[in-house]
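What follows is calculated from the coordinates using simple rules that are stated; it is not laboratory data. Fair warning: this is a prediction, and the values are worked out from it, not measured in the lab. Every residue, glycine among them, receives a Cβ derived from its backbone with ideal geometry; neighbour counts consider all protein chains shown.
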Amino acid sequence: MKFADLHMHTNFSDGTFTPEELAQRAHDCGLRVVALTDHDTLEGCERMGKACENLGIEYIVATELTAEYDGYEIHLLGYYLDLQDEYFLSKLCQFQKVRQSRIIEMAEALNKAGVPLEADAVFELAKCKSPGRPHVARAMVNAGLVKSMDVAFEKYLKKGKPAWVPKFKISAFEAIELVHRAGGVAVMAHPGLNRTDEVLKPLIESGMDGIECFHTRHSTNDCERYECMAEEFGVLITGGSDCHGMNKGRPLIGGIKLPYVYVERMKERVARRRGEMAEAK
Ligand code: AMP
Ligand code: ZN
Ligand code: FE
Ligand code: FE
């Protein structure tokens, strides 16, 4: 039996492992298929692909986009993306620039709140195009400004706290469309975390391809509920650990082992979509 983990992050976004370390961990957990889903970036793909190839692991090109629907924040996973798709890459570049400006705004807000953190310290630590709040929190810890990342979030970075800066979000419809244009399938990430049950139906009706039913922070009840919904709507069932390396205490990789049959269904859907796209041309 082959197992997959279709949701994980490296240090090309807010994870702590390099692609090579993550691939090795996946291998050690007995995983045979992985998808790297770094936020708003495909920067780590080449290295992850090579590392997986060396270990005999099947690798899927993917990303996690932040989107918005009806006031809800939604994370949308795009799988089997075309790495050469110029339009998709230009959009990612735009999202990354917004993330970088947000870091500058957060640093300014921290300064105003009496915390002398410079944006450059965050960029130097992040060393990637797609920085986020965990990088800010870690830079604060490293500079001795707070005791832990948790304190950084609780006191400054959480919604409503002095250095919270809202994140730019594209509409969920646009995100789905973007993924489709790049030849991929679009899956709603961890609906149990965002309490987005009521938006699943309209998004599926507008073309969303699947639901991440299995996630390390979904309860057994969540997993079963979303599996039923996916079957009822006739969309893909996926799952992943959402491992961020050591950022959240311990690595979550290995926490979800998705049977390979779900990967096969995803591939069938990708092939069908690409066939339709070729016909439309
Ligand atoms: P951003 O996308 O920049 O708004 O950052 C969101 C990331 O921050 C997600 O990966 C969250 O899991 C992470 N995060 C939220 N709260 C905390 C916390 N208390 N400690 C560490 N990471 C957190
Ligand atoms: Zn993340
Ligand atoms: Fe997410
Ligand atoms: Fe994630």
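Add +1 for every Lys or Arg and -1 for every Asp or Glu among the other residues with Cβ under 9 Å from the Cβ of His9, and state the total. Its environment carries a net charge of -4. Note on the chain: with a GNM built from Cα contacts shorter than 10 Å, the maximum mean-square fluctuation among Thr37, Thr18, Thr63 falls on Thr18. Taking the number of Cβ atoms within 10 Å of each Cβ as an exposure proxy, the fewest-first ranking of Cys93, Cys243 is Cys93, Cys243. Considering only Met106, Met246, Met208, the Gaussian network model of the chain with Cα springs below 10 Å gives its largest mean-square fluctuation to Met246. Cross-link list Lys112/Lys167; Lys2/Lys267; Lys167/Lys257: which exceed 25 angstrom alpha carbon to alpha carbon? Over 25 Å apart, Cα to Cα: Lys167/Lys257. Counting neighbouring beta carbons within 10 Å and listing from fewest to most, the residues Thr238, Thr16 come out as Thr16, Thr238. Beta-bridge orientation, the chain: approximately 45 percent antiparallel, per DSSP, counting only bridges with both partners inside.
With a Förster radius of 51 Å applied to the beta-carbon distance between Glu108 and Arg272, the computed FRET efficiency rounds to 0.60. Between Lys147 and Arg250, the FRET efficiency estimated from the beta carbon spacing at R0 = 25 angstrom works out to 0.85. Anyone know which of Leu22, Leu55, Leu203 comes out most mobile in the 10 Å Cα GNM of the chain? Of the options given, Leu55 has the highest mean-square fluctuation. Report the net charge of residues surrounding Ala109, where surrounding means a beta-carbon distance below 11 angstrom and charges are Lys +1, Arg +1, Asp -1, Glu -1. With Lys, Arg at +1 and Asp, Glu at -1, the net is +1. Compactness of region 150-263 was expressed as the Cα radius of gyration divided by 2.2 N^0.38 Å, which yields 1.20. Value of Rg to Rh for region 97-157, rounded to two decimals, is 0.92; Kirkwood radius and Rg both from alpha-carbon coordinates. A Cα-only calculation for the chain places Rg and Dmax at 18.5, 59 Å.
The average projected area of region 21-93, computed from the convex hull of its Cα atoms over all directions, is 5.6 nm². As a length-normalised measure over Cα pairs under 8 Å and 6 or more apart, the relative contact order of region 97-157 settles at 29 percent.
Taking Cα centre as origin and charging only the Cβ of basic (Lys, Arg, +1) and acidic (Asp, Glu, -1) residues, the dipole magnitude of the chain rounds to 660 debye.
The ranking of Ser13, Ser101 by Cβ neighbour count inside 10 Å, starting from the fewest, reads Ser101, Ser13. Distance between the C-alpha centres of region 222-281 and region 178-219: 9 Å, rounded to the whole angstrom. The stretch between Glu177 and Glu124 holds 15.7 nm of extra length on full extension. This uses 0.36 nm per residue minus the Cα-Cα distance.
Between Tyr72 and Cys228, what's the calculated FRET efficiency when r is the beta-carbon distance and R0 is 25 Å? Round to 0.05. E(calc), rounded to 0.05, equals 0.75.
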